[in-house]
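Student: Mind having a look at this structure? Questions to follow.
Every number in this text was worked out from the coordinates using simple rules, so none of it is lab data. Note that the structure is a prediction, hence the values are computed from the model and not measured. Reconstructed Cβ throughout: ideal geometry from the backbone, glycine too, with neighbour counts over all protein chains shown.
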Amino acid sequence: MEITTKVTDAGVWVSLRGSLDAVSGEVMQKELQTVFQHQRKNLLIDFAAVTEGTPAGLRSLLPYVQQIHEQKMELVLFNLNEKIQKMVNSSGFNSLIVVVDSLDSAIEYALRKSIKKR
């Protein structure tokens, strides 16, 4: 799993590349620890280059959901392929996070939420 992070006005944009499974999930957990230091209101995770996902890999995001909610942040996933989208929906994970179709939609959602909070 290759992870790149970019801080934007909309939030912290995390781009994932490779397979999201139990092993790569641990790598992602370590990498995401630094995200909270940026003190942005949104964590935008791009799944465009995720080739495969497993339930164990998806579960690696769960510890951050509580932390994100406690810090009044939002976790926004986007560019999910059909298989990962079904896994997110069938697990009920989509009730804890926001799922949109594209980077543009993620940025629009994040900026709209930040304007409402002012």
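Student: With n ≥ 4 as the cut-off for DSSP H runs, can you work out [θ] at 222 nm for the chain, using -39500 (n - 2.57) per run divided by the number of residues, rounded to the nearest 500?
Tutor: -12000 deg cm²/dmol
Student: How large is the charge dipole for the chain, taken about the Cα centre, if only the Cβ atoms of Lys, Arg (+1) and Asp, Glu (-1) carry charge, to the nearest 20 debye?
Tutor: Details: 14 positive and 13 negative charges, 111 e Å.
That gives a dipole near 540 debye.
Student: Related question: Any idea which of GLY18, THR51, MET87 is furthest toward the positive side of the dipole for the chain, if Lys and Arg beta-carbons carry +1 and Asp and Glu beta-carbons -1?
Tutor: MET87
Student: Is any residue of region 1-43 close enough, with backbone N under 15 Å, to a label point placed 7 angstrom from the Cα of ALA56 along the Cα-Cβ axis, and if so, which?
Tutor: 1, 19-29
Student: Amide H neighbours of ILE45 under 5 Å, at least 5 residues apart or on other chains, H built in the peptide plane: list them.
Tutor: Distant-sequence amide H within range of ILE45: VAL14, VAL76, LEU77, PHE78.
Student: In percent, what relative contact order does the chain have, based on Cα pairs under 8 Å that are 6 or more apart in sequence?
Tutor: 25 percent
Student: Testing the spin-label approximation: label points 7 Å from Cα along Cα→Cβ at ASP9 and GLN29. State their distance in nm.
Tutor: Between ASP9 and GLN29, the label points sit 3.6 nm apart.
Student: Sticking with this one: Taking all pairs of different Cα atoms in the chain, averaging 1/r and flipping that mean, what Kirkwood radius in angstroms comes out?
Tutor: On the way: mean 1/r = 0.0710 Å⁻¹.
Kirkwood radius, the chain: 14.1 Å.
Student: Once the Cα atoms of helix 82-91 and of the chain are each reduced to a long axis, what angle between those two axes, in degrees from 0 to 90 to the nearest 10, is obtained?
Tutor: It works out to around 80 degrees.
Student: Oh, and also: Would you mind getting me the FRET efficiency between GLN71 and SER102? Use the beta-carbon distance for r and R0 = 22 Å, nearest 0.05. Don't skip to the answer; put the middle values down first.
Tutor: Details: r = 25 Å, r/R0 = 1.15.
My answer for the efficiency is 0.30.
Student: Under the Karplus relation 6.51 cos²θ - 1.76 cosθ + 1.60, θ = phi - 60°, what is the ordered set of whole-Hz ³J(HN,Hα) values for region 42-51, x standing for Gly and Pro?
Tutor: With the stated coefficients, region 42-51 comes to 9, 10, 9, 10, 8, 9, 4, 9, 7, 7 Hz.
Student: Hey, another quick one. Provide, for the chain, the number of lysine pairs with alpha carbons under 19 Å apart, each pair being eight or more places apart or on different chains.
Tutor: So the count of such lysine pairs works out to 9.
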